[in-house]
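S.K.: Let me begin by handing over the structure; questions about it come next.
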Amino acid sequence: QVQLVESGGGLVQPGGSLRLSCAVRGSDFLIVSMGWHRRAPGKQRELVAGITGGATTNYADSVKGRFTISRDNAKNTMYLQMNSLKPEDTAVYYCNLVTFHNNYWGQGTQVTVSA
């Protein structure tokens, strides 16, 4: 069984930075891809950034140049470094892990960008 534990959300002023972490607990699985998604109030969930098992990354156009996704395989942890945050980045951010057989989600962490 796989469990994803997110941390790092909070309140930040516009232009500020946050780093989200997603700790992966479990064993005996191969990662196809991992990613960060977000759901803003009144909007559908969207993919923010993804990283494949081979470390290829992709980003939503709205966050390119500001957000960076990464993985530390030794720590079984994925990160999302968010810089130059804007009020429109306010959302609940979810960690996602895809294996060949299942799709796992974290519980979500709130990010609020406000003055």
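The values are calculated or read from the model by the stated rules, or taken from the named source; none is laboratory data. What you see is a predicted model, and the numbers here were worked out from it, not measured in a lab. Ligands, DNA and RNA are excluded from the accessible area calculation, which covers all protein heavy atoms including side chains. Shrake-Rupley method; radii C 1.70, N 1.55, O 1.52, S 1.80 Å.
S.K.: Step by step: find N for the range 1-104, compute 2.2 N^0.38 Å, then divide the Cα radius of gyration by it. What's the final number? Each step should come with its number before you reach the end.
M.R.: Details: Rg = 13.5 Å, N = 104, 2.2 N^0.38 = 12.8 Å.
So the Cα radius of gyration is 1.05 times the expected 2.2 N^0.38 Å.
S.K.: Now for a different question. Which percent of the accessible area of the range 75-115 is formed by carbon and sulfur heavy atoms (probe 1.4 angstrom)? Don't skip to the answer; put the middle values down first.
M.R.: Working: 970 of 2000 Å².
Of all accessible area on the range 75-115, carbon and sulfur atoms account for 49 percent.
S.K.: Counting pairs of alpha carbon atoms under 8 Å apart in space and at least six apart in sequence, what relative contact order in percent does the chain give? Let's see the in-between values first.
M.R.: Working: 280 pairs, mean separation 42.4, N = 115.
Reported relative contact order: 37 percent.
S.K.: What number comes out for accessible area per residue over the range 25-114 if the probe is 1.4 Å? Units Å², please. If you can, show how the numbers build up before the last one.
M.R.: Working: 4980 Å² over 90 residues.
Heavy-atom SASA per residue in the range 25-114 reads 55 Å².
S.K.: Which whole-Hz ³J(HN,Hα) couplings does the range 16-25 yield from phi under the Karplus relation 6.51 cos²θ - 1.76 cosθ + 1.60, θ = phi - 60°, glycine and proline marked x?
M.R.: 3J(HN,Hα) across the range 16-25, in whole Hz: x, 10, 9, 10, 8, 10, 9, 8, 9, 10.
S.K.: What is the range 33-78's relative contact order, in percent, from Cα pairs under 8 angstrom and six or more apart in sequence?
M.R.: On the way: 53 pairs, mean separation 12.1, N = 46.
That works out to 26 percent.
S.K.: Under a 5 Å amide H to amide H cut-off, with H placed in plane at 1.01 Å, what residues pair with residue 32 once short-range neighbours are removed?
M.R.: 98, 99, 100
S.K.: Under 28 Å between alpha carbons, and skipping anything fewer than 8 positions from residue 43 in its own chain: which lysines qualify?
M.R.: 64, 86
S.K.: Going by amide H atoms built from the backbone, whose H comes under 5 Å of the H on residue 10, apart from near neighbours?
M.R.: Amide H neighbours of residue 10, under 5 Å, 5+ apart: 111, 112.
S.K.: Determine Rg/Rh for the range 48-115; Rg is computed over alpha-carbon atoms and Rh is the Kirkwood hydrodynamic estimate from the same atoms.
M.R.: Details: Rg = 12.9 Å, Rh = 13.3 Å.
My calculation of the ratio gives 0.97.
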